[in-house]
Amino acid sequence: MRIDLHLHTTASDGSLTPTEVVAAAVAGRLDVIAITDHDTAAGVAEARSAADGHPLHVIPGIEISTSFNGAELHMLGYLVDDRYAPLVEYGNTAASYRRDRMRGMIERLAGLGISVAYDDVVTLAGAGGTDPESLGRPHLARAIVQGGYAHSLSEAFDRFIGNDGPAFLPAQVLDVAGAIALIHDAGGIAVWAHPRPDLFARDLAALRDLGVDGVECHRPRVPPPDAARMGDIAREHGLLVTGGSDWHGEWHGALGEFVVERSLVGGFLERAGI
Ligand code: AMP
Ligand code: ZN
Ligand code: FE
Ligand code: FE
């Protein structure tokens with residue numbers, strides 16, 4: 001089985017629409033994917049209908065921006081009901097918060113002599129046909145590069161809008177307990193996304209005690225032995241193990257270049273009924 005449980009679409013900062021992501025997953029011979037856009041599940045329905053008639057499971061998901069112990073933390077919500085009213089309402093609140101945050105970051109950039117227009121960021125984000133549009137830093141990075149203030153997206157992050165950058169503002173609406181509660185209320189399970197190794201060691205037990213159900217261990221840039229060791233520790237804490245590429249578009253390579261095997265995430269798949 002070829003599995004990838006962390007994909008972005010144009011519902012947030014991915015470059016392909018949900019329909020195009022499904023086509024790329026089929027082309028990459030994937031069997032199971034999860035749609036996990038930043039702070040919205042608005043891309044899930046389109047992905048599910050696009051997968052109709054293909055031998056591809058689409059797991060509904062969301063990636064909620066939050067923080068814990070002073071560090072940014074992304075919480076994946078899997079198996080959520082994407083039409084659950086409080087979850088849809090959260091998506092709308094977060095989208096509006098993100099628009100204000102974008103204006104704030106643009107103001108900070110202006111203070112650094114970098115002139116970016118909000119409307120250009122929205123245009124670069126693309127309509128994507130999905131509502132609500134979850135505006136994010138990658139959209140802003142594109143505008144910074146287009147304005148000639150950086151040569152690459154990663155330079156824009158390194159110099160201006162990375163987590164320690166002078167123009168950064170957080171995207172957080174919910175604290176970690178609120179994010180976990182929303183995911184659980186929507187019928188889903190909460191999985192700690194891409195934990196930093198130092199924070200994994202420091203915060204795992206506390207997050208488990210707060211209600212986290214699993215940890216994303218298997219990822220493209222984590223050596224498999226390290227991921228396996230993390231997985232063992234997570235299971236010792238009674239937690240599920242997941243894995244995914246955090247794919248945002250073709251510049252991350254083709255879908256299916258990174259896959260997780262069933263043996264690594266069996267407990268999660270059983271929970272998903274797959
Ligand atoms: P946001 O949710 O608006 O804070 O944006 C988070 C997204 O920005 C991540 O999912 C990545 O796609 C992207 N990102 C964060 N840090 C970097 C970085 N240093 N270089 C490139 N992309 C980044
Ligand atoms: Zn992203
Ligand atoms: Fe993330
Ligand atoms: Fe992500």
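Scanning segment 144-190 for residues that are touching a Ser or Thr at 6+ places or on another chain (Cβ under 7 Å) and among the β-branched types (V, I, T), which turns out farthest from ligand 1 (Cβ to nearest atom)? Within segment 144-190, the match that is farthest from ligand 1 (Cβ to nearest atom) is V176. The helices (runs of 4 or more DSSP H) found wholly in segment 32-137 and carrying at least 2 residues that are touching a Leu at 6+ places or on another chain (Cβ under 7 Å) and surrounded by 22 or more Cβ atoms within 10 Å (Cβ to Cβ) occupy 85-111. G256 - would you say it is under 27 Å from S15 (Cα atoms), modelled with pLDDT of 95 or more and surrounded by 14 or more Cβ atoms within 10 Å (Cβ to Cβ)? Yes: the conditions hold for G256.
Would you confirm, using the coordinates I've provided, whether H237 is over 17 Å from I64 (Cα atoms) and crowded, with 23+ Cβ neighbours inside 10 Å? Taking the combined requirement at face value, the residue does not satisfy it.
Pairs meeting the criteria (first residue in segment 18-45 and more than 17 Å from G244 (Cα to Cα), second residue in a helix (DSSP H, G or I) and of a type in the set (D, E), beta carbons under 8 Å, at least 6 apart or on different chains) are T19/E46. Just to be sure, is V212 buried (at least 23 other Cβ atoms within 10 Å of the Cβ), of a type in the set (A, V, I, L, M), out of contact with any Leu (no Cβ under 6 Å at 6 or more places or on another chain) and in contact (Cβ under 8 Å) with a residue 40 or more places away in the chain? When the stated conditions are applied, V212 passes them.
Within segment 12-40, the residues that satisfy the criterion of being away from ligand 2 (no atom under 15 Å from the Cβ) and of a type in the set (A, V, I, L, M) are V22, A23, A24, A25, V26, A27, L30, V32, I33.
Being among the basic types (K, R) and assigned to a helix (DSSP H, G or I): is that true of R221 here?
For R221, the condition - among the basic types (K, R) and assigned to a helix (DSSP H, G or I) - is not met.
Select from segment 224-274 the residues that are touching a His at 6+ places or on another chain (Cβ under 9 Å), under 30 Å from H139 (Cα atoms) and outside any loop (DSSP other than H, G, I, E, B) and list them in ascending order. Result: T242, G243, W247, V260.
The values are calculated or read from the model by the stated rules, or taken from the named source; none is laboratory data. Keep in mind that what you see is a predicted model, and the values were worked out from it rather than measured. Every residue, glycine as well, gets a Cβ built from its backbone with ideal geometry; the counts of neighbours run over all protein chains shown.
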